[in-house]
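Down below is the structure, laid out as structure tokens.
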Amino acid sequence: MAIVDVTVIPIGTKTASVSEYVAAVQSILKGFEQEGKIKYQLTPMNTIIEGELSTLLEVIQAIHEAPFEKGIKRVATNIRIDDRRDKESTMESKLKSVNAHVK
């Protein structure tokens, strides 16, 4: 199981707000989650997605395309992948591990 941190940045929007584009990405993610393929969490600055790496790469391609489908001509997508193979790692287990060290 892998975890990705992804930010899709539409370039050339009419206003400084990008919430319309973020919402479109979240709708796509919701569909993948309802199919049982991923788990995801929206944060104020990015989205974190958990699943099998091959599925996550498919998801990233789908969400990268979302702003283009809304008429944007340029999109920059930042991706960070955490793919741990020695033991299962989930969003929850990573948070639990850190919180165990917080005093």
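Using 0.36 nm per residue, how much length does the chain from Asp5 to Lys70 gain when fully extended, once their Cα-Cα distance is taken away? Display every interim value, and only then the final one.
Details: separation 65, 0.36 × 65 = 23.40 nm, distance 2.26 nm.
Working it through step by step, the gained length comes to 21.1 nm.
Computed over the chain, the per-residue total of -39500 (n - 2.57) for DSSP H runs of n ≥ 4 gives a 222 nm mean residue ellipticity of -13000 deg cm²/dmol, rounded to 500. Restriction of the trypsin sites (Lys or Arg not before Pro) in segment 1-94 to DSSP coil positions whose beta-carbon has at most 16 other beta-carbons within 10 angstrom yields Lys14, Lys37, Lys70, Lys73, Arg84, Arg85, Lys87.
The lysine pair tally for segment 2-99, using Cα distances under 24 Å and a gap of 8 or more places or different chains, is 12. The magnitude of the dipole of segment 2-99, with charges of +1 and -1 set on the Cβ of Lys/Arg and Asp/Glu and taken from the Cα centre, is near 300 debye. I need the fraction of alpha carbon pairs in the chain separated by more than 17 Å, rounded to a whole percent. So the portion of pairs separated by more than 17 Å is 53 percent. Helix 53-69 versus the longest principal axis of the chain: what angle, 0 to 90°, nearest 10, using Cα atoms? Around 20 degrees separate the two axes. Quick one: Cα centre-to-centre distance for segment 70-97 and segment 1-58, in angstrom? Here the answer is 9 Å between Cα centres. This model, with +1 at the C-beta of Lys and Arg and -1 at the C-beta of Asp and Glu, gives segment 9-63 a dipole about its Cα centre of some 180 debye. Candidates Ser89, Gly71, Ser54 compared by Cα position along the dipole of segment 2-99: farthest toward the positive end lies Gly71, with charges placed on Cβ.
Where a number appears in this text, it was derived from the coordinates with a stated rule and is not lab data. Everything numeric here is computed off the predicted structure, so don't read it as measured data. Heads up, the Cβs are rebuilt from the backbone with ideal geometry, glycines too, and the neighbour counts pull from every protein chain shown.
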